[in-house]
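One structure is given here, and the rest of the page talks about it.
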Amino acid sequence: MRVYKAIFLDWDDTIGDWTTAEHKALQDIYAHYQLNRLYPTFEDYLNAYKPYNLELWGMYGRGEVTKERLHLQRFLRPILKEYRPAAPDRVQSTDLLGDKEELAHEMGTEFLRLTNKYFCLLPDAEKVVKYLAGKYPLTIISNGFKEVQYYKFEHSGLAPYLTHTLISEEVGINKPQPGIFQIALERNGITAEEAVMIGDSYSSDIAGAKAAGIDQIWITNEEVKELTKEGLTATYIVPQLADVMKIV
């Protein structure tokens, strides 16, 4: 086992409970903008929103779309697509929604406000961060939008425990590109062998750290044997955030 001199941490769904905040925010968006005019149930709307949102974030990580395009398109695309229920006489059109680009931008802005409103930490996050900060300098590495992430850092109560915060849009490099991890190494004055990255996303956190020569702790509930069959490996794989305290 290596002796580490610094810990790199993802934020969303590693420290902060993004999944819950996102779900509640989207429920509010669905209700407030009466999206039942296009999607009879909230689950129908989620099925339209989530795959494309995930695709956009992958593109954003690879530098293929801008923050502004992501912000707009994830809400624009679901309301551009005409929803056709099974009954022909119930066909509804997005014409009901007026200026769609303006509406999508408004929805995106409201979504960010709502995710801040519903922000909360994951179980054990405070305990783990305080434990790690007692032993190592902590660096957050996040692809999240800066105006949202800094709000969460401050309102989490954990900001005093963070030595560095690297937001991709500020440094101009997104995870999983190795460059953002290299900046984190430089800010800590260490080599790749002296750091470990903790995160929940294989594509952003684990693959990115691997490419930079940095050890990884992957937090996932999936079976390790199944992950290995799929060729998904990490230096350490644990089911819960609290398990990192057994490693570092």
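Values in this text are rule-based calculations from the coordinates and carry no lab data. Bear in mind the structure is a predicted one, so any value in this text is a computation, not a measurement. No Cβ is skipped: glycine too gets one built from the backbone with ideal geometry, and neighbour counts run over all protein chains shown.
Pairs of alpha-carbon atoms within less than 8 angstrom and 6+ residues apart define the contacts here; what relative contact order does the chain have, in percent?
Details: 368 pairs, mean separation 62.1, N = 248.
It rounds to 25 percent for the chain.
The Cβ shell under 10 Å around P176 holds other residues with a net charge of +2, Lys and Arg each +1, Asp and Glu each -1.
Net charge of the neighbourhood of Y136, taken over other residues with C-beta under 14 Å away and scored Lys/Arg +1, Asp/Glu -1, is +3. Of all the options G58, G213, G157, the one that moves most in a Gaussian network model of the chain with Cα springs shorter than 10 angstrom is G157. Relative intensity of the range 135-248 on a log10 scale, I(q)/I(0) at q = 0.16, 0.19, 0.23 Å⁻¹, equals -0.77, -1.07, -1.43, per a Debye sum over C-alpha point scatterers of equal strength in the absence of solvent.
Can you grab the distance from the C-alpha centre of the range 40-77 to the C-alpha centre of the range 96-173, Å, no decimals? Taking the Cα centre of each part, the range 40-77 and the range 96-173 sit 18 Å apart. For the range 23-33, backbone phi angles converted through the Karplus equation (6.51, -1.76, 1.60; θ = phi - 60°) give residue-by-residue couplings of 4, 5, 5, 5, 4, 5, 4, 4, 6, 5, 8 Hz, Gly and Pro being listed as x. Using a Gaussian network model of the chain in which every pair of alpha carbons under 10 angstrom is joined by a spring, one finds that among M107, M197, M59 the greatest mean-square fluctuation is at M59.
Candidate cross-link partners of K175 among the lysines, defined by an alpha-carbon separation under 22 Å and a same-chain spacing of 8 or more, comprise K5, K50, K67, K146, K152, K210. Counted by Cβ distance under 12 Å from R2, the other residues give a net charge of -2, where Lys and Arg count +1 and Asp and Glu count -1. Using the alpha carbons alone, the radius of gyration of the chain stands to its Kirkwood radius in an Rg to Rh ratio of 1.02. The C-alpha atoms of the chain define a longest principal axis, and helix 146-156 lies at about 60 degrees to it. 3J(HN,Hα) along the range 131-137: 4, 5, 5, x, 10, 9, x Hz, from the Karplus curve 6.51 cos²θ - 1.76 cosθ + 1.60 with θ = phi - 60°, whole Hz, x for Gly and Pro.
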